[in-house]
Amino acid sequence: MTDLTVLGLETSCDETAAAVVRLDGDGRVNVLSSVIASQIAEHAPYGGVVPEIAARAHVESIDAIAAQAMREAGVGYGDLSGVAATAGPGLVGGVMVGLSFGKAVALARGLPLIAVNHLEGHAVSAKLAADLPYPFLLLLVSGGHCQLLSVEGVGEARRLGSTIDDAAGEAFDKIAKTLGLPYPGGPALEQLAEGGDPERFPLPRALLGRKDCDFSFSGLKTAAARLAEGLTTEAERRDLAASVQAAIARQLAERSDRAMALYAQAHGGRDLRFVVAGGVAANRTVRARLDETAAARGFSFTAPPLAYCTDNAAMIALAGAERLARGEAHPLDAAARPRWPLDEAAALASPTHTPGRKGAKA
């Protein structure tokens, strides 16, 4: 395989990001640049992401962010092997901005376009800083997604479990809001939880009678909101934050433990690698609990550096480079997709959400 240098673009939610990644012929990954423009200030007054504001901000900044990424990488458009852009899932107005920009670059420079599944970007994000061969067991956990997948290779992911209602990151953010914490809620709740008593408030444990690997956080979210209404002291708020964080980490670990058992059985006890990716992977309590669970099952544990846990374009560039290495590219009429499951067969055969019902995008 020859060296591949790919420009990645990510605009699926509230970060406008561009990066240049080089995938060497021997499989080594080099992040030449990674630029992220956060929209926290724009969305903070509303306590969450406003799709129209996000899309407008992407339009205003994508050109400058891409130019900065190219400049920091020290490359020109003539040095690129291809351009990769998130094509979904996500807020479709934002997705269209990055994908359209990527199409324009591909058309103007005669480069192949790779329309990347945002979830596949998260799936390979740990490879940005670690030698991580396929296959591996992946826990993808963020504000919009919570699922366990057996990742056998590029484009080969089999779903073992998914949330049946809310994602873990959404639970963090919504509970943080009931506690009066600023947006984004997840990091604010983690900060508040420091020094709190994680056993102070008993919180519900979902799906205990089920033998599958699915998740549910809606009951926890409702119970925590009700408890938050009766708090009167800062110590109580701190203890509830710690209890919520511990409850989410516990459920993620319990379901991952079940998935590890299934994965180990399917792989004959070989290739026991466990990877956690997505924004919630940045939470230290969650990381520690999952690391302990992996060690108990004899799995190695890998998580991306904190900079690559949340949405970024380096992961999109790498996912695009891996597909380009296999000779894959997409036509310039590739569509933006608000929903795009990694395991489309499982999503069709056993959907976690019926049409018209709110819930995780995958």
inquiry  = Based on Cα coordinates alone, diagonalise the gyration tensor for the chain, multiply each eigenvalue by 5, take square roots, and list the semi-axes in whole Å, largest first.
reply    = 33, 24, 18
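Counting only protein heavy atoms, what percent of the accessible surface of region 201-273 is carbon or sulfur at a 1.4 Å probe?
The value for region 201-273 is 50 percent carbon and sulfur by accessible area.
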query = To the nearest µm²/s, what D does Stokes-Einstein give for region 134-204 at 25 °C and 0.890 mPa s, using the Kirkwood radius over alpha carbon pairs as Rh?
reply = 175 µm²/s
ask   = Over the Cα atoms of region 5-103, what Rg and Dmax result, in angstrom?
value = 14.0, 47
request  = Please build a GNM for the chain, connecting alpha carbons under 10 Å apart, and tell me which residue among 199, 254, 229 fluctuates the most.
outcome  = 229
key: Extended-chain gain in nm, criterion 0.36 nm per residue less alpha-carbon gap, residue 226 and residue 109   = 36.5 nm
task = Specify the residue with the greatest mean-square fluctuation among 180, 82, 169, computed from a Gaussian network of the chain linking alpha-carbon atoms under 10 Å apart.
result = 180
message = Rounded to whole Å, give me the distance from the Cα center of region 244-296 to that of region 193-225.
response = 16 Å
note = If one builds a Gaussian network model of the chain from Cα atoms under 10 Å apart, the most fluctuating residue listed among 270, 258, 323 is 270
remark   = Hydrodynamic calc, region 269-347: Kirkwood Rh from Cα pairs, then Stokes-Einstein at 4 °C with viscosity 1.567 mPa s, so D in µm² s⁻¹ is 85 µm²/s
remark   = tail above 28 Å in the computed P(r) of region 204-362, as % of all Cα-Cα pairs, reads 37 percent
inquiry  = Can you give me the accessible area per residue for the chain, using a 1.4 Å probe, in Å²?
reply    = 41 Å²
query = Ratio of region 144-285's C-alpha Rg to 2.2 N^0.38 Å, to two decimals?
reply = 1.12
task = For the chain, please report how many Lys pairs fall under 25 Å Cα to Cα, leaving out neighbours fewer than 8 apart on the same chain.
result = 13
task = Go ahead and estimate [θ] at 222 nm for the chain from helices alone: -39,500 (n - 2.57) per DSSP H run with n ≥ 4, summed, over the residue count, rounded to 500.
result = -13000 deg cm²/dmol
note = Rg (one decimal) and Dmax (whole number) from the Cα set of region 226-272, in Å, equal 17.7, 53
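The values are calculated or read from the model by the stated rules, or taken from the named source; none is laboratory data. Nothing here was measured: the structure is a model prediction, and the numbers come from that model. Heads up: the accessible areas ignore ligands, DNA and RNA and are worked out on the full protein's heavy atoms, side chains in. Shrake-Rupley method; radii C 1.70, N 1.55, O 1.52, S 1.80 Å.
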